[in-house]
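Below you'll find the structure, written out as structure tokens, and then a few comments.
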Amino acid sequence: MVKLSVIVPFYNVQQYAPDTLKSLHANAREDFEFILVDDCSRDETPDILARAERELPGAVHVRHEKNGGLATARNTGIDRARGEYLTFLDGDDWLAPGYYPRLLSAIEELGCDFVRTDHVQCTARARAIHRVPHGRRGVVLDPRQAILPADRSTSVDYAYAWAGIYHRRLVDRGLLHFTDGLRTAEDRPWIWKLHREADSFAAVGLLGVHYRRGVASSLTQIGDVRQLDFIRAFDQVVEETARDREADLLLPKAVRTYCAIISHHLGSIERFEPAVARKLKSLSAGALRRMPQDVLEDALDSMDVQRATRLRRLRRRPAPTGVAA
């Protein structure tokens, strides 16, 4: 019986994949499986993964014939997973030795639907610990309790799928799959859905994932049109939260976070290609007009003057015809 399924998408990461695979080897156990999803890489990544399937205990190599993005690759892994528990890793990150056995022990002892963990952010030679923005550790709680307050960073803002472990019953309930085709911000609707609809979760002070920042091929570093998928992602967050039984309570958080992300992208708009920058402004203006306007006004009133002014000005832009997210 497979106890833990680890889902690892890879796309054009030949420089980093060997370190990732070496760290998986240092976490192997006879009841673990590693689902290595090649999202139609065009470099040497497929060859590296083919070797890993022979050499890494529990490795399962799956190849996409068409690039579908991170969300789709993770869904492929979820569909292939046989484990009682599931977790994720990105193909350019790595693990501390023996981390997964400790992570599995944590969720088994707590008996909850999912567990969230801290991680180490690695930028060049710098290392920084990033913690789940939730104060109570090792205590099983209703995940809805970790969504608010609206004006502070909470567990739904710590959206990294690989910073945790998830019981299979979440798959059975339709809560663990990602929105197919999202190429950025794919973790946002996913983490909100988990916190609204799962029954139990806990945060633990367990370090083991090393998250590599500043990778040149990462979408966070590329200013092309794929970055604009954050609009689709947060539209989904707002739409689904508006249908929640506690929408009046939760929508202010969703809308305020959406506004903060729009403002963030506008504040670094120079990194986008000119045509993409224009589309960013147009789509963001449309997004602001789609939000519940009373909730939006309250959110803008709670923000600093610079960001609120920027967003109010953007909302007044004329709506173009024929532009869709």
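The values are calculated or read from the model by the stated rules, or taken from the named source; none is laboratory data. In this text the structure is predicted, and so the values were computed from the model without any measurement. In this analysis, Cβ positions are derived from the backbone assuming ideal geometry, glycine residues included, and neighbour counts consider all displayed protein chains. These area figures cover heavy atoms from the full protein model, side chains too; ligands, DNA and RNA do not enter into them. Shrake-Rupley method; radii C 1.70, N 1.55, O 1.52, S 1.80 Å.
Things worth noting here:
- Residue 122 contributes an accessible area of around 0 Å² to the protein surface, as traced by a 1.4 Å probe with all chains present.
- Once the mean of 1/r is taken over each pair of separate Cα atoms and inverted, region 153-243 shows a Kirkwood hydrodynamic radius of 14.6 Å.
- For the chain, the residue among 170, 191, 233 whose Cα projects farthest onto the positive side of the dipole built from Cβ charges is 233.
- Of the peptides 82-88, 15-21, the order by per-residue mean of other Cβ atoms within 10 Å, starting with the highest, comes out as 82-88, 15-21.
- With only the Cα atoms considered, region 222-288 has a convex hull volume of 67 Å³ per residue.
- Pairwise alpha-carbon distances in the chain exceed 31 Å for 32% of all pairs.
- Tilt relative to the chain, helix 274-290 - C-alpha long axis, 0 to 90 degrees, to 10: 70 degrees
- DSSP beta bridges fully contained in the chain are about 35 percent antiparallel.
- Restraint check, 66/279; 3/253; 22/66; 3/193; 253/281, Cα-Cα greater than 31 Å: 3/253
- With the simple model of a label 7 Å out from the Cα in the direction of the Cβ, residue 31 to residue 297 spans 5.8 nm.
- Among 83, 6, 138 - extreme Cα towards positive end, dipole of the chain, charges at beta-carbon: 138
- Full-extension gain in nm, residue 80 to residue 247, via 0.36 nm per residue minus C-alpha separation: 56.7 nm
- Region 77-206: C-alpha gyration tensor shape, a/c 1.5 cut-off, then a/b vs b/c: rounded
- Residues whose amide H lies under 5 Å from that of residue 60, counting only those 5 or more places away or on a different chain, are 34, 35, 36; hydrogens are built 1.01 Å from N in the peptide plane.
- Mean residue ellipticity (222 nm) of the chain, computed from DSSP H runs ≥ 4 via -39,500 (n - 2.57), nearest 500: -12500 deg cm²/dmol
- Extent along the principal axes, Cα only, for region 1-121: 42, 30, 25 Å, with the longest axis given first.
- Binning the C-alpha pair distances of region 19-87 at 5 Å intervals from 0 yields a P(r) profile of 3, 17, 27, 26, 19, 7, 1 %, listed from the shortest bin outward.
- The residues of region 66-186 expose on average 39 square angstrom of accessible surface per residue, using a 1.4 Å probe on protein heavy atoms.
- Accessible surface of region 1-146 [probe 1.4 Å, protein heavy atoms]: carbon and sulfur percent: 47 percent
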